[in-house]
Each structure stands twice: as C-alpha cells, then as structure tokens.
Amino acid sequence: MGSSSPKYIHGYLEQEQERLREQALVIERPIYDYIDFSEVKELLEIGCGVGAQTEILLRRFPHLQITGVEYESRQIKKAIENMSKLGYDESKVKFVQQDAKNLHLDKQYDAAFICWVLEHITDPVKVLVSMKPFLKPNALVSITEVFNSTFYTYPVKKEVIDYWRIYNEYQVQIGGDPQVGVRLGDLLEEAGYINIDLRSGGFHLDSRHPEEKRTVFNYWKNLISSGAPLLIEEGLVSEKQVNDMQLAMDELRDMPHAVFYYRFIQATAYA
Ligand SMILES: C[S@@+](CC[C@H](N)C(=O)[O-])C[C@H]1O[C@@H](n2cnc3c(N)ncnc32)[C@H](O)[C@@H]1O
C-alpha cells in the first residue's frame, strides 16, 4: 500500500478478496431477509468491493441492472473477474472507479445499496449527500453497517477483547467509525432522506445452533484477522497476540456452551 493511499483496515490482498465473498455468504440471510428490491430495476451499489454483495443481489433479484462504485482498482479488477465467471456481462453489471464522496454519474437510479462501507469513511454523510442527485425521487436506499461495540462472547476471552479493542481504536485513528451503524438515522436525515427506518440484525448463537455457531466463530476470526497485517505493520499488535487471539477464537468455536453475539444496523430510507 503506497503511503499516499488511504489506510484501509482489511487491505486488498487476494486472501482478503476471497474473504469478502465468504463473508457475504455467511451473513447473507440476516441481511437479505429484510431487503426487497423486487420493484427496482437500476440499482446503484456504493463501495462494491469485489462484488460479493453484487453477486447475491443479482442471484436474489435477477431482473436488476447494477452499477457498482468502488475507488480501489484492485477491487474492481477482481469484481469484473468474479462477475464474468458468473456469466454476467455489462448489460447486467458495470463498475465505475470513483470516490463515493464525490460521485459523477450519468443517470438517476431507482435504488441504492450500501453494505459494510461507511465504517471506513471519514465524514460518511458526504457519501449520502453525494449520491442523492443520482437517485430518482422516492428511490429506496438500503444501508447495512457495523456496530462493533455489540460484539460479545461467553466466556469472555481476554486475548479476543484486547485485540478487538486495538482493532477498533485503529479504525478510528485512520478516520473510520466502527460504531457508524448507530448513527445511520441521523446521517440519513442530515443528508435529506425521508421515511427513515432502522432495525438491528445479527447473531445470537448458543448451543441450540451448534453448526451455525461454528461457522460464525470461524467467519469472525477471519474477519478480525484481516486487520492483523496492518496492525502488525503499525506496531500495534505482535504476531503472538494475533496467534493467541486466533487460538482463543478456535477454543470458543469448539466449546459447546460458548455464545456468540453481534448486532449490525440496517437502515432503509427514501430519496
Ligand atoms: C469492507 S469492503 C465491503 C465491500 C462490499 N460492500 C461487500 O460487502 O463485500 C468496503 C469497500 O469500500 C471501498 N471504499 C471505501 N471507501 C470508499 C470510497 N470513499 N469510495 C468508494 N469506495 C470506497 C473499499 O475500497 C472496499 O472495497
């Protein structure tokens, strides 16, 4: 990563690009059970990454035509590869390389979708303001964002919570907001959207859901490990701390009575 490019906690390594796809599938139901784009034709997706959500959107709503906005060329390259492997051509999905805070698009869309993006952006209201002129009046906006202080495990593992605290503090230090989910209502209002509705979704997994719990503990270990290279590079954690956190997550995963809890926030609103 060049010194002039903004710092991005997950990084853009191949392994991370694959993780985004895996992540999107693990958390698909809790997100998409509450999203309905069946009346939408042209959809604007902000911060589309490698197209992990794009893929799900096109599978669930096959009539959609999606324009994905992403500012990192490595993500766009991978997104194009992923979409063409799935058989989608430019008539179904295209990608534009732009900063979501300063959009220049050539049309107005029926709806917009944002997932796991605003947490990385300083002044996220700028994204919502910037996309508004490119939405038709009354266009539907769906946003899903993190609320990281809700993460809890039983039993509490010091190796995990210490790492998680450092991870989130670093996210703030580089201009992000790991609690941005709770602000979605105010951000949407400030940007002039109407009929704002908020809900929280996520996981509360215990011994009643052993398989899903195992999958989610693994998914979460990979998610929080994705910050490790940058945290190590910045001298904020050691490799040993990362290893200990990973071992602790594995122990939790294998413990029948461990509990996993996390909430994200989902907003819908209209332009
Ligand atoms: C965690 S990824 C999520 C990608 C995708 N939404 C998903 O759920 O798989 C966040 C993406 O937002 C992109 N991003 C961050 N800030 C951006 C900005 N200002 N404009 C456009 N893209 C941005 C990053 O490059 C990254 O690919």
Checklist entry - Within the stretch 92-110, how many residues turn out to be surrounded by fewer than 23 Cβ atoms within 10 Å (Cβ to Cβ) and either modelled with pLDDT under 95 or of a type in the set (V, I, T) (or both)? => result 1
Next on the checklist: If I ask for residues that are without any contact (Cβ under 8 Å) to a residue 60 or more places away in the chain, touching a helix residue (DSSP H, G or I) at 6+ places or on another chain (Cβ under 7 Å) and within 18 Å of Y219 (Cα to Cα), which ones from the stretch 151-177 would you list?
Outcome noted: N168
Checklist entry - Among the residues of the stretch 246-253, is there at least one that is under 24 Å from V146 (Cα atoms) and basic (K, R)? => result yes
Checklist entry - Inside the stretch 232-256, can you point out the residues that are farther than 21 Å from G176 by Cβ and assigned to a loop (DSSP other than H, G, I, E, B)? => result S238, M255, P256
Checklist entry - Do the conditions hold for F113, that is, is it more than 26 Å from Y170 (Cα to Cα), surrounded by fewer than 22 Cβ atoms within 10 Å (Cβ to Cβ) and within 15 Å of the ligand (Cβ to nearest atom)? => result no
Item to check | Boolean, A111 is over 11 Å from L187 (Cβ atoms), in contact with a Leu (Cβ under 8 Å, 6 or more places away or on another chain) and not in a loop (DSSP other than H, G, I, E, B) | outcome: yes
Item to check | the stretch 236-253, subset among the charged types (D, E, K, R) and in contact (Cβ under 8 Å) with a residue 40 or more places away in the chain, residue surrounded by the fewest Cβ atoms within 10 Å (Cβ to Cβ) | outcome: E251
Checklist outcome for this item: Considering the stretch 37-91, residues that are touching a residue at least 40 places away in the same chain (Cβ under 8 Å) and in contact with a Gly (Cβ under 6 Å, 6 or more places away or on another chain), and then whichever is surrounded by the fewest Cβ atoms within 10 Å (Cβ to Cβ), we arrive at N82
Checklist outcome for this item: Exactly one of R214, R253, R208 is in contact with a Phe, Trp or Tyr (Cβ under 7 Å, 6 or more places away or on another chain) and among the basic types (K, R), and that residue is R253
Item to check | Of all residues in the stretch 160-181 being of a type in the set (A, V, I, L, M) and in contact with a Ser or Thr (Cβ under 9 Å, 6 or more places away or on another chain), the one that is nearest to R253 (Cα to Cα) | outcome: V160
Checklist entry - When the stretch 173-196 is examined, which residues are found to be of a type in the set (D, E) and farther than 14 Å from V117 by Cα? => result D186, E189, E190
Checklist entry - Can you find even one residue in the stretch 179-195 that is within 19 Å of the chain's Cα centre (by Cα), free of Cβ contacts under 8 Å to residues at least 60 places away in the same chain and either closer than 20 Å to E28 by Cα or surrounded by fewer than 19 Cβ atoms within 10 Å (Cβ to Cβ) (or both)? => result yes
Checklist entry - Mind checking which residues of the stretch 34-50 are part of a loop (DSSP other than H, G, I, E, B), within 7 Å of the ligand (Cβ to nearest atom) and of a type outside the set (G, A, S)? => result C48, V50
Item to check | Odd one out for K221 among (1) at pLDDT below 95; (2) within 17 Å of the chain's Cα centre (by Cα) | outcome: (1)
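The values are calculated or read from the model by the stated rules, or taken from the named source; none is laboratory data. Quantities reported herein were computed from a predicted structural model and do not represent experimental measurements. Positions of Cβ are generated from backbone atoms using ideal geometry, with glycine treated the same way; all protein chains shown enter the neighbour counts.
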